[in-house]
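**Q** Dropping a structure here in structure tokens format, bear with me for questions.
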Amino acid sequence: MSKIDGGPPDYKKLLPPIITENYGQWKYHEIPRAGVLKHVSEKGYALYSVRVGSPRLVSIDYIRDICALADSYCDGYLRFTSRNNVEFLVSDEAKVEPLIKELEAKGYPIGGVGNALSNIVHTQGWVHCHTPATDASGIVKAVMDDLYEYFGRTDLPAKLKVAMACCLNMCGAVHCSDVAILGVHRTPPRVDHEKIRKGTEIPTLVAACPTGAIRPDPKNKSVVVNEERCMYCGNCYTMSPAMEILDAKNDGIAILVGGKVSNARTAPSFSRLVIPFLPNNPPRWPEVTAAVRHIVETWLNNARKGERVGEWIERIGWERFFSLTEIPFTDKHIDDFIFSRETFRTTAAFKY
Amino acid sequence: MSKIDGGPPDYKKLLPPIITENYGQWKYHEIPRAGVLKHVSEKGYALYSVRVGSPRLVSIDYIRDICALADSYCDGYLRFTSRNNVEFLVSDEAKVEPLIKELEAKGYPIGGVGNALSNIVHTQGWVHCHTPATDASGIVKAVMDDLYEYFGRTDLPAKLKVAMACCLNMCGAVHCSDVAILGVHRTPPRVDHEKIRKGTEIPTLVAACPTGAIRPDPKNKSVVVNEERCMYCGNCYTMSPAMEILDAKNDGIAILVGGKVSNARTAPSFSRLVIPFLPNNPPRWPEVTAAVRHIVETWLNNARKGERVGEWIERIGWERFFSLTEIPFTDKHIDDFIFSRETFRTTAAFKY
Amino acid sequence: MPDKKTPKLDELEHGPWPSFVTEIKKAAIRNESAKDLLNLLERSYDDKRGHWKHGGIVGVRGYGGGVIGRYTDLPEEYPHVAEFHTMRINAPSAWFYKTETLRTLCDIWEKHGSGLTNVHGSTGDLIFLGMKTEELQKTYDELSDAGFDLGGSGSCLRSPSCCVGPARCESACYDTLALCYDLTNSYQDELHRPMWPYKFKFKMSGCANDCVAAIARADCSIIGTWRDSIQVDQDQVKAYAESGLDIQGMVCDKCPTRALKYDHEKKELHVIAEDCSRCMHCINVMPKAVRPGKEKGATILLGGKSTIVQSAFLSWVIVPFMKMEPPYTEFKEMVARIWDWWDENGKTRERLGELIYRLGMTKFLREVGLPPVPQMVFRPRANPYVFWPQDEIVK
Amino acid sequence: MPDKKTPKLDELEHGPWPSFVTEIKKAAIRNESAKDLLNLLERSYDDKRGHWKHGGIVGVRGYGGGVIGRYTDLPEEYPHVAEFHTMRINAPSAWFYKTETLRTLCDIWEKHGSGLTNVHGSTGDLIFLGMKTEELQKTYDELSDAGFDLGGSGSCLRSPSCCVGPARCESACYDTLALCYDLTNSYQDELHRPMWPYKFKFKMSGCANDCVAAIARADCSIIGTWRDSIQVDQDQVKAYAESGLDIQGMVCDKCPTRALKYDHEKKELHVIAEDCSRCMHCINVMPKAVRPGKEKGATILLGGKSTIVQSAFLSWVIVPFMKMEPPYTEFKEMVARIWDWWDENGKTRERLGELIYRLGMTKFLREVGLPPVPQMVFRPRANPYVFWPQDEIVK
Ligand code: SRM
Ligand code: SRM
Ligand code: SRM
Ligand code: SRM
Ligand code: SF4
Ligand code: SF4
Ligand code: SF4
Ligand code: SF4
Ligand code: SF4
Ligand code: SF4
Ligand code: SF4
Ligand code: SF4
């Protein structure tokens, strides 16, 4: 039998020699062109990282292909970023241009560096998960096609981090992204009493509901859902397959904006709901791509240099964001969950 | 039988002629000297208001005395401010100086106008209420004696609004004051089971506890208090005399700072706890007067012109407030109630 | 003068600030209750605790409130404060008085009570501090005959109060005194006969300076504002500049929305109208040069209250702009709907703000019929927990 | 190539961004599961709903997690995805690979599964997307032999992840890769055998830019920082100035604490060290001229997570500064105490942040033995609801 708990491969054995040599001794970096980072070390070494956008859901053919490129230009070393981009680590400056040429020829998008749109962090969607309200990869493809130009630029007001999650579990940093695309259910779970009786632990299920919408129904050895209270988080479904939450007619997408994670200038902050619902319209989700583009362009046209989406909105005020974008404001935008109070405008000073 | 629901006296009959004449037509105001406002109307009239600090708890002799002054200098008109100061309304400029002289001679403090310390809004304390953790009038007197100089000045960084409440009911705007002095209990209520049985509605009493510390005790036809959960708010005592909360050995004072109400520049904001406990030390509460003076002086010495206490602290950061004042920071400063989350520092950026 | 010694309280007669002890002593010369109050208070200063029992219910005919019953727990030792109730007298708008009005009050009070008062209580009533049960009705009858009425106490509307407003302030954007008087008279029943889940307070300020601290303390705050742009008088700007005011530093740099541009050369101040949030700051610093706009009215905010039980709440915006002119029909119709909703949904001792927080703004707005606007919130919700009503989903 | 038509998905092969559909099609050439995935996905695009059943429990010997069981609800029509589990493979620190490592993985995966992957999953694992139950153990065995191991799933420690840090970044304040590797190896049991109330995530960033988004997503965020002052190289400041950078506007005016003063004449940048909050902004804009201080370590924050159930939480400061050097004893001892406390007090599916919120920071700090410091909060409590322990009151 094979051993267990061997742990991951030792990273030290996977670093290119230039990194081993200059580990912890990087001095500064520059962005010589879109998609490329140049890191210079105290010792004078220069490492070029060429960043390439990937669909993340890739075949082994893709991996073998980038490995071949890494062999040709990077002595067999490469890495992936925290946003699922590929980084070719070039220690020989002379190889940078040829690599870029080959990448371009093969249709690999180069970009995502500096004040650019980077790859969309995303999740499984209809490809693999059991709770999605939408697909993930499809929307990401549609949005990245649409916003493609901004991936290869470096002159946006600031970095633009878009994330996508296919349900409220939010497997990613959707809740803290400049623009977040989120799959949402809009109808209460339909209880399959048969399934409940077959093995759901009712007290745990009841306790799982954040709004207390689920009541035990001892007569039926099942539960009932108070539909007035349910806000479709799907947590009950995670607990029990009997709580069927998918609803093709009503599932769709919400857009949240203005979150960030870095501590630079301002504290990390949550994305906030601006479009409560857009329909699922595969394969290209035109309503979603249009909405995202509209928000991004309003930001591009109005933000000052250096302002992340949320920093821009906080400066002008959310009331102005809604008037500038002409996105209708509804009662759905107003928080009514646990921490709602902090969102209420407790001042008579505001804009129109 | 006398009529009911007559309503309050008609204010229109109580306004001095100069106000009736210029009602709604005031153009601007100046502060010709500490404690005096000069309001000029569109029509060119000038009204002088001379503000005098009152202990608020006053005898009819006091009222008759200020009435006599108002007769001599103000044609029989005066008013009180929202902070319980007296305002003599002088329409004849020539009478301003003589009024001031007489007030000074009689020991009436003139001030509270502009960037000054104004009167301390306060409550009943041991004079009349049933739940106080301290006296109100006595502390106010002690603190105003101590800070007296700032009442008659106009050169503080900004207005200084101090409030005092004798228990957590906070009968005043203690929760939104530059400096708040608050009577606090520190021990759980002692249940008088006899009294409970004599007429307390147990379910209402149980529901009154914000932390769920009170459990019915059907065997005893009474209740029990889970002392681990009680934070001494006294709400149960308000509901039932059986929940004895006064505790001479442990009642005392907390100091909160940095609140404001005006919407000028920054939104209204809560005062925040900086000293969880100071002992009751009548008649002069030296620990309280020293603490308040220390905070006020730290503000005076460090704030920029135009900064209210809270605006100053928010600029420098609360961590700096604690280091500047050398007030020890303890776990008691950290919120653990309903809206605690918004107070946690969700960023790696801070000062020491 | 009191017969017992009061060394601790005597200590509080020293110092420059006027002394409430001296006031009690003045009253004690002619009144036994005041004398016993002084003695009892000295006892509290010794014991470090109050000596009043849990309030009892006393009152006057036709009223469910207006009186706070109070009895000492040491009636044998201090018999003249065995009963020591207070009466709340609804003060005139913005606390304007003629001396004769105040003297009338003093005369009544001299006859029936301790001679001690609070001018005023924190809610804004004039308080007669300390009388026996048997004096309550008599005092009320005389007050009523003289044109006064009781303020609120208990689970009712509390006495509304307002800032000095147009009576003496250039910033007033509506007539606070008139509205206060009108509401008080319109809601006499609500004010005098407690019938709600808990107390309800109105406070009115003529502008965003909020000189009655409404936003912190009132279930409904009515704050004067304007809909158009501030008005700038450039001559006066020049005058301020010449007088040495640092307009850039003290005005523009502190404008929260950076809506003000100062032209150092021309000594002119310009506002980007759509950026101004009407915070009052520039007007406060340069009252001669900057004034509110011309289209005036008020912002309505709901939910303010102090700490007990669910934490303190500041009032939040519910109507960004409403004209505030008699007969205030729009406002009163809205208030009626709000009260109905609160009455129907509120638990005992649940203030309006807590109720809205518990049930959600969405439900509140829908059921009370108020249109959602972004001015109601600092920012939209961060969670995706949106409720979808039946009629908005596909069946 | 798939036999069925997939017109909707085909549409997603157009456009400049690389297409996941093309990737699935590539795999489908050699693999029936990939082919069925494509067909099933087209079906989802038609039906506008997923076609996967609620996850089932499958796994490999010795492990309680690392595999997500997955079955389609249409097994008759799409038999090759009747079982279509994923396996999470713990990635190397900061996702550095040699091509040979990746090729080994490809070879194993070609043999045992769909040939589809996620590089990487949101937690940072390399994901093998889609295999049959019978292949699980075989796949694992080969992976293990080749030097790989599973990542976490279920109520366990999830695979820790870290930013590129000192490997390629001038801002790294501690060795994120080393710590990530050390913690992963130290906590193999916690990672592979779920035994807690819920999941627990560590993420490590070398500085406050937080390039692994730890503060948003990790129960424990370890963010590099320094204790002394930033270091400024005035020659480089001059160079930036001469290159046309608006130092006043883009650096000083955006410094959140206004700790930077730029001397236009001398082209010098000065920091008021005690005002700097170490936010990284000036370093980000002028990496050649400004660097972190010399006394380096990390800030520890706790409680981050996404929305389900009690709302999303951002991690908050729990230790302002800790040296981060092997063997990380101080850190690990603290973690042990925190886990014990969580394990003892947490309800099922209660993340650490929610638990601390529910029971209170005070209780947490006291029981875990961490000293309260003002850095833990943006501001102190606004309510006066302080709990006083027995030993601090007078008996
Ligand atoms: C490669 C990567 C780390 C890794 O281990 O994989 C990385 C690398 C760098 N980051 Fe980052 N960041 C990376 C993800 C992040 C993330 C996390 C994320 O995107 O999910 C964040 C926080 C996002 C947020 O705030 O919402 C992040 C916030 C930053 C910032 C702060 C930006 C800001 O002003 O808010 C900087 C500083 C800057 O760019 O000025 C920064 C700076 C940098 C520098 C310049 C650091 C250096 O000196 O080498 C690197 C190149 C940045 C660039 O792409 O322009 N990095 N960086 C990640 C690349 C992701 C990608 O493929 O696009
Ligand atoms: C008389 C009074 C109204 C009344 O109906 O009684 C009043 C009157 C004026 N207030 Fe006020 N304010 C009065 C209580 C308040 C309160 C409420 C309170 O103190 O409880 C506030 C909110 C307090 C807070 O924010 O915590 C208040 C916040 C202001 C402000 C905003 C101050 C700030 O910058 O935050 C101004 C503007 C200014 O002074 O620059 C202002 C300005 C004024 C002006 C200048 C208005 C005017 O043009 O006439 C008046 C003279 C101010 C002065 O005393 O310097 N008034 N003012 C109140 C006097 C109280 C006293 O005796 O001290
Ligand atoms: C007399 C007065 C204090 C004063 O010295 O001025 C006062 C005195 C009492 N207040 Fe108050 N409150 C007074 C203004 C306030 C204010 C300020 C205001 O109205 O602007 C507040 C804070 C604002 C608010 O309403 O939230 C206030 C918040 C409370 C509370 C807590 C209410 C809450 O929802 O948090 C209680 C507790 C209760 O209602 O049971 C309370 C209860 C009480 C009681 C009736 C005691 C009790 O538990 O039943 C006190 C009677 C004292 C006595 O024996 O004379 N009092 N009370 C004020 C009324 C005088 C007047 O009519 O003018
Ligand atoms: C595969 C992955 C998404 C992806 O496409 O990358 C994923 C997939 C699932 N996540 Fe996740 N989560 C993944 C990273 C995350 C992250 C991001 C992170 O770890 O940084 C989060 C947000 C951060 C956090 O932990 O809060 C995340 C928050 C959740 C939650 C909500 C947890 C919460 O406390 O709010 C659930 C629900 C649950 O645990 O029952 C969940 C549950 C799930 C389940 C297991 C579905 C379920 O309800 O049981 C998904 C299985 C999908 C499938 O069939 O393949 N997943 N999940 C990520 C793991 C891959 C990896 O190991 O690298
Ligand atoms: S976000 Fe929801 S649907 Fe998407 S992968 Fe995560 S758990 Fe599954
Ligand atoms: S979907 Fe969420 S809110 Fe609705 S019943 Fe299930 S757990 Fe409760
Ligand atoms: S603050 Fe408390 S003790 Fe003081 S008067 Fe109000 S209810 Fe009474
Ligand atoms: S004092 Fe407050 S917390 Fe304590 S038992 Fe009474 S109501 Fe509950
Ligand atoms: S609130 Fe405004 S209108 Fe009223 S007195 Fe204060 S400054 Fe004047
Ligand atoms: S009123 Fe306030 S927001 Fe408007 S311009 Fe003046 S200072 Fe700025
Ligand atoms: S978090 Fe800091 S140290 Fe890590 S990669 Fe980003 S900038 Fe560099
Ligand atoms: S690190 Fe941030 S806070 Fe410190 S000086 Fe630079 S910009 Fe200012």
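**Q** How large is log10 of I(q)/I(0) for the protein assembly as shown at q = 0.04, 0.06, 0.08 Å⁻¹ when the intensity is taken from the Debye formula with one equal scatterer per alpha-carbon?
**A** After summing over all Cα pairs, the log10 values are -0.28, -0.62, -1.03.
**Q** I would also like to ask the following. Hey, can you rank D:330-336, A:294-300 by average C-beta count inside 10 Å, highest first?
**A** Highest to lowest by the protection proxy: A:294-300, D:330-336.
**Q** Within a Cβ distance under 13 Å of D:Y181, other residues only, what is the Lys/Arg minus Asp/Glu net charge?
**A** -2
**Q** Which ³J(HN,Hα) values in Hz, rounded to whole numbers, follow from the phi angles of the stretch C:376-389 under the Karplus curve 6.51 cos²θ - 1.76 cosθ + 1.60, where θ = phi - 60° and Gly and Pro get x?
**A** 6, 10, 5, 7, x, 4, 8, 9, x, 7, 7, 8, 10, x
**Q** Okay, next question. Could you tell me the relative contact order of the stretch C:197-293? Use alpha-carbon pairs under 8 Å, at least six residues apart, and round to a whole percent.
**A** Reported as a whole number, the value is 29 percent.
**Q** Follow-up question, since we're still on this one. So if I place +1 on the C-beta of Lys and Arg and -1 on the C-beta of Asp and Glu, and nothing else carries charge, what would the dipole magnitude of the stretch A:12-83 be about its Cα centre? I want it in debye, nearest 20.
**A** Its charge dipole is roughly 260 debye.
**Q** Can you tell me how the stretch A:110-257 classifies by the Cα gyration tensor, rounded, prolate or oblate, using a/c under 1.5 as the rounded cut?
**A** Details: a/c = 3.43, a/b = 2.90, b/c = 1.18.
Cα axes put the stretch A:110-257 in the prolate bin.
**Q** Right, next: Taking θ = phi - 60°, what integer Hz values does the Karplus form 6.51 cos²θ - 1.76 cosθ + 1.60 yield along the stretch C:326-335, in sequence order, with x for Gly and Pro?
**A** x, x, 6, 4, 4, 4, 5, 5, 5, 4
**Q** Same structure, new question: Would you mind checking the pairs C:K254/D:K254; B:K12/C:K203; B:K43/B:K106; A:K260/A:K305; A:K159/D:K332 and listing those with alpha carbons more than 24 angstrom apart? Spell out each step's value before the answer.
**A** Details: C:K254/D:K254 16 Å; B:K12/C:K203 19 Å; B:K43/B:K106 35 Å; A:K260/A:K305 16 Å; A:K159/D:K332 35 Å.
Distance filter (> 24 Å) returns B:K43/B:K106; A:K159/D:K332.
**Q** Which value, in nm² and rounded to one decimal, describes the direction-averaged projected area of the C-alpha convex hull of the stretch B:1-57? Intermediate values should be presented prior to the final figure.
**A** Numbers: hull surface 26.1 nm².
In nm², the orientation-averaged hull projection of the stretch B:1-57 is 6.5.
**Q** Another question, if that's okay. Between the stretch B:239-310 and the stretch C:165-185, how many Å separate their Cα centres?
**A** The stretch B:239-310 and the stretch C:165-185 have Cα centres separated by 32 Å.
**Q** Quick one, what does Rg over Rh come out to for chain C if you take C-alpha atoms and the Kirkwood Rh? All intermediate terms of the calculation are to be shown ahead of the outcome.
**A** Values: Rg = 25.1 Å, Rh = 24.0 Å.
In chain C, Rg relative to Rh is 1.04.
**Q** Can you give the mean number of other chain Cβ atoms that lie within 10 Å of the Cβ atoms in peptide D:52-58?
**A** Mean inter-chain Cβ contacts per residue within 10 Å come to 4.
**Q** Let me ask something else about it. Using θ = phi - 60° and the Karplus relation 6.51 cos²θ - 1.76 cosθ + 1.60, list the HN-Hα couplings for the stretch B:135-150 in order, rounded to whole Hz, with x at every Gly or Pro.
**A** In residue order, the calculated couplings are 8, 9, 4, x, 5, 4, 4, 5, 5, 5, 4, 5, 9, 3, 3, 7 Hz.
**Q** Tell me, what are the semi-axes, in whole angstrom and largest first, of the equivalent ellipsoid of the stretch D:284-395 as set by the roots of 5 times the Cα gyration tensor eigenvalues?
**A** Values: eigenvalues 164, 71, 60 Å².
Rounded to whole Å, the semi-axes are 29, 19, 17.
**Q** Label-to-label distances across copies for D:E325, with labels 7 Å out along Cα→Cβ, in nm, shortest first?
**A** Spacings between copies for this position, smallest first, are 7.7 nm.
**Q** Rounded, prolate or oblate: pick one for the stretch B:4-104, where a ≥ b ≥ c are the square roots of the eigenvalues of its C-alpha gyration tensor, a/c under 1.5 means rounded, and failing that, prolate if a/b is larger than b/c, else oblate.
**A** Since a/c reaches 1.5 but b/c is at least a/b, the shape of the stretch B:4-104 is classed as oblate.
**Q** Related question: Along the axis that rotates chain B into chain A, which residue of chain B has the nearest beta-carbon, and what is the gap in whole Å?
**A** Closest to the axis: B:E342, 2.
**Q** May I pose another question? All other residues with a Cβ under 10 Å from the Cβ of C:Y198 taken together, and with Lys, Arg as +1 and Asp, Glu as -1, what is their net charge?
**A** Working: positive: C:K199, C:K305, C:K347, C:R349, C:R351; negative: C:D219, C:E350, C:E354.
Its environment carries a net charge of +2.
**Q** Within a 10 angstrom radius of the beta carbon, how do B:R51, C:R103 rank from fewest other beta carbons to most?
**A** C:R103, B:R51
**Q** Please report D:V212, B:V292 as a ranked list, fewest other C-beta atoms within 10 angstrom at the top and most at the bottom.
**A** By the 10 Å Cβ count, ascending, the order reads B:V292, D:V212.
**Q** Find, among the residues of chain C, the one whose Cβ sits nearest the axis of the rotation taking C to D; state the distance in whole Å.
**A** Closest to the axis: C:D253, 6.
**Q** Tell me the distances, shortest first, between D:D10 and the same position across the other copies, using label points 7 Å along Cα→Cβ, in nm to one decimal.
**A** The projected label point of D:D10 is separated from its counterparts by 10.6 nm.
**Q** Summarise the partner chain shielding of D:247-253 as one whole number: the mean count of Cβ atoms from other chains within 10 Å of each residue's Cβ.
**A** Partner-chain Cβ atoms within 10 Å, mean over residues of D:247-253: 1.
**Q** When the Cα centres of the stretch A:318-352 and the stretch C:286-354 are compared, how far apart do they sit, in Å?
**A** Answer, in whole Å: 17.
**Q** Continuing with the same structure: Along the principal axes of its C-alpha atoms, what lengths does the stretch B:68-154 span, in descending order and rounded to whole Å?
**A** 48, 26, 22
**Q** Taking neighbour Cβ counts within 10 Å as the exposure measure, how do D:W388, A:W126, C:W95 sort from fewest upward? Working shown, then result.
**A** Values: D:W388 19, A:W126 28, C:W95 24.
Ordered from fewest to most neighbouring Cβ atoms within 10 Å, D:W388, A:W126, C:W95 come out as D:W388, C:W95, A:W126.
**Q** Also, I was wondering about something else. Would you compute, from DSSP H runs of 4+ residues alone, the mean residue ellipticity of the protein assembly as shown at 222 nm, taking -39500 (n - 2.57) per run and dividing by the full residue count, rounded to the nearest 500? Intermediate values should be presented prior to the final figure.
**A** Numbers: 49 runs with 448 residues, N = 1494.
Here the helix-only value at 222 nm equals -8500 deg cm²/dmol.
**Q** Write out the cysteines belonging to chain D for which the nearest other cysteine Cβ is not under 4.7 Å, or none if no such cysteine exists.
**A** Cys with no partner Cβ under 4.7 Å: D:C106, D:C156, D:C169, D:C173, D:C207, D:C220, D:C252, D:C255, D:C276, D:C279, D:C282.
**Q** Follow-up. List the aspartates and glutamates whose Cα sits under 17 Å from the Cα of C:K199, skipping any in the same chain fewer than 8 residues away.
**A** C:D125, C:D189, C:E190, C:D219, C:D340, C:D343, C:E344, C:E350, C:E354
**Q** Going by amide H atoms built from the backbone, whose H comes under 5 Å of the H on A:V223, apart from near neighbours?
**A** Excluding prolines and chain starts, which carry no amide H, the hits are A:D217.
**Q** For Cα pairs less than 8 Å apart in space and 6+ apart in sequence, what is the mean separation divided by the residue count of chain A, i.e. the relative contact order in percent?
**A** Reported as a whole number, the value is 12 percent.
**Q** While we're on this one: Quick one: what do you get for the stretch A:263-316 if you divide its Cα Rg by 2.2 N^0.38 Å?
**A** Relative to the rule-of-thumb radius for its length, the stretch A:263-316 sits at 1.35.
**Q** May I pose another question? Can you list the distances in nanometres, one decimal and ascending, from the D:K267 label point to the identical position in each other copy, with the point 7 Å along Cα to Cβ?
**A** Relative to the other copies, D:K267 has label-point distances of 3.9 nm.
**Q** OK, next. Which whole number gives the average, over all residues in D:388-394, of C-beta atoms from other chains lying within 10 Å of the residue C-beta?
**A** 5
**Q** A follow-up question, please. Just order A:225-236, A:170-181 by mean Cβ neighbour count inside 10 Å, highest at the front, would you? Could you put the intermediate results ahead of the total?
**A** Values: A:225-236: 19.9, A:170-181: 28.7.
Listed from highest to lowest mean packing, they are A:170-181, A:225-236.
**Q** Taking only the alpha-carbon atoms of chain B, what semi-axes of the equivalent ellipsoid follow from 5 times the gyration tensor eigenvalues under a square root, in whole Å, largest first? Don't jump to the answer; show the numbers that get you there.
**A** Numbers: eigenvalues 333, 155, 68 Å².
Gyration-tensor ellipsoid for chain B: 41, 28, 18 Å.
**Q** Expressed as a whole number of Å, what is the distance separating the alpha-carbon centroids of the stretch D:40-67 and the stretch B:139-202?
**A** If you average the Cα positions of each part, the centres end up 60 Å apart.
**Q** Would you tally the net charge around B:R265, using a Cβ to Cβ cut-off of less than 10 Å, leaving B:R265 out, and scoring K and R as +1, D and E as -1?
**A** Values: positive: B:K260, B:R308, C:K254; negative: B:E307, B:E311.
Every neighbour counted, the sum reads +1.
**Q** Would you mind classifying the stretch D:168-283 by shape? Square roots of the alpha carbon gyration tensor eigenvalues, ordered a ≥ b ≥ c; an a/c under 1.5 is rounded, otherwise it is prolate if a/b is larger than b/c and oblate if not.
**A** prolate
Bear in mind these aren't lab numbers, they're just calculated from the coordinates by the rules spelled out. None of the values given here were measured: they were computed from a predicted structure. Neighbour counts are summed over all protein chains in view; Cβ atoms, including those assigned to glycine, are modelled from backbone coordinates with ideal geometry.
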